[in-house]
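Have a look at the structure below, then the notes.
The values are calculated or read from the model by the stated rules, or taken from the named source; none is laboratory data. What you see is a predicted model; the values in this text were computed from it and never measured. Counting neighbours? That spans all protein chains shown, and the Cβs are built from the backbone with ideal geometry, glycine included. Heavy atoms of the whole protein, side chains included, go into the accessibility calculation; ligands, DNA and RNA do not. Shrake-Rupley method; radii C 1.70, N 1.55, O 1.52, S 1.80 Å.
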Amino acid sequence: MKKTLFASVLLLTSSLSFASTWSVYEVQVKQSDVPAVAAALDKFMQSDVGKSMPGGVHLNATLFGGTSKATHAFVLLFPDLATQLDWQASVPTTQAGQEFDASMDALATPVANWTNSMLKVWGTPSNSDRFHQVTRFYTTDPLAVLAAQEKLMSDPSMADFPGQVGLSQTALGNRLGANGAQTTHVFTVAYESVKEMEGWSNYLNSQPAWAKYLQTMSGFATFMGTELVTNAAVYDAEMDLETFLK
């Protein structure tokens, strides 16, 4: 995890609001070094500065990442960006923070980083959800995206949806996608298991409401692909997933 400064957060100039901020720091790690990265994070999180973190941190492993070279990501959950940056500023002043940075310099190669503002959540947030589909996209009409998602989630075919869907704006650190376009938003869909994910996907692909949703979204959103990640480690004493997604 590298020290990064953010100057401001770009907000939607609409009726949308966000409850929380989640920032992603992607890295590439050799398979043989993965246990050492996990151990370094655990040591840091057991330190005084780690325990003072007023948020949560997930170490995610990328199962399917497309063309990205990232193998892992540190995902920080905070109530807002200001709180995150205040805490991050204190980390390099501590011995534990300096040791962790030194470990990451030796073990992990930075790939990309960005921060997101959570706009809305559908479904039932659960701390048991450990597998996450991450779909980035570009749109100039976020309100149309919201309306399409609301319509889909209110359809009777979605009544038994077992997971959770989050819509976030990529506030800073927009990633390049198809044809050089920048991503503006991201959908995150979480499940307890791959079996649950596959079962729901098979069902959903047979539903007319899903087909209509995809057709509608194609009019104002350009999708940049979907990645599948899983939680390799979770430190959420101050902010677990259910609290974050309230």
**Report entry** Output for region 173-206, where each listed residue is open to solvent by 80 Å² or more (accessible area, probe 1.4 Å) and modelled with pLDDT under 90
**Finding:** LEU176, ASN179, GLN182
Query raised in the report: For residues in region 207-246 being touching a residue at least 60 places away in the same chain (Cβ under 8 Å) and among the aromatic types (Phe, Trp, Tyr), which is most open to solvent (accessible area, probe 1.4 Å)?
Result: PHE223
Query raised in the report: Mind checking which residues of region 187-246 are basic (Lys, Arg) and over 30 Å from SER47 (Cβ atoms)?
Result: LYS195, LYS212
**Report entry** Selected residue (only one of GLN169, GLN149 is open to solvent by less than 20 Å² (accessible area, probe 1.4 Å) and either part of a helix (DSSP H, G or I) or of a type in the set (Lys, Arg) (or both))
**Finding:** GLN149
Query raised in the report: Is it the case that region 177-191 has a residue that's among the hydroxyl-bearing types (Ser, Thr, Tyr), assigned to a strand (DSSP E or B) and in contact (Cβ under 8 Å) with a residue 12 or more places away in the chain?
Result: yes
Requested in this report: For region 29-107, please list each of the helices (runs of 4 or more DSSP H) lying entirely inside it that holds at least 2 residues being within 19 Å of THR170 (Cα to Cα).
Outcome: 81-90
Report task. For MET104, state whether it is open to solvent by less than 20 Å² (accessible area, probe 1.4 Å) and either under 30 Å from PRO162 (Cβ atoms) or modelled with pLDDT under 95 (or both). Result -> no
Query - Odd one out for PHE131, checked against (1) under 15 Å from the mean Cα position of the chain (by Cα); (2) modelled with pLDDT under 95; (3) open to solvent by 20 Å² or more (accessible area, probe 1.4 Å) - result: (2)
Report task. Please indicate, with yes or no, whether at least one residue in region 101-111 is closer than 22 Å to PHE78 by Cβ and more than 21 Å from the chain's Cα centre (by Cα). Result -> yes
Report summary line: Residue hits (region 112-122; surrounded by 18 or more Cβ atoms within 10 Å (Cβ to Cβ) and in contact (Cβ under 8 Å) with a residue 60 or more places away in the chain) are ASN113, TRP114, THR115, ASN116, SER117, MET118, LEU119, VAL121
Report task. Just give me the residues in region 207-246 being of a type in the set (Gly, Ala, Ser), modelled with pLDDT of 95 or more and outside any loop (DSSP other than H, G, I, E, B), in sequence order. Result -> ALA209, ALA211, ALA232, ALA233
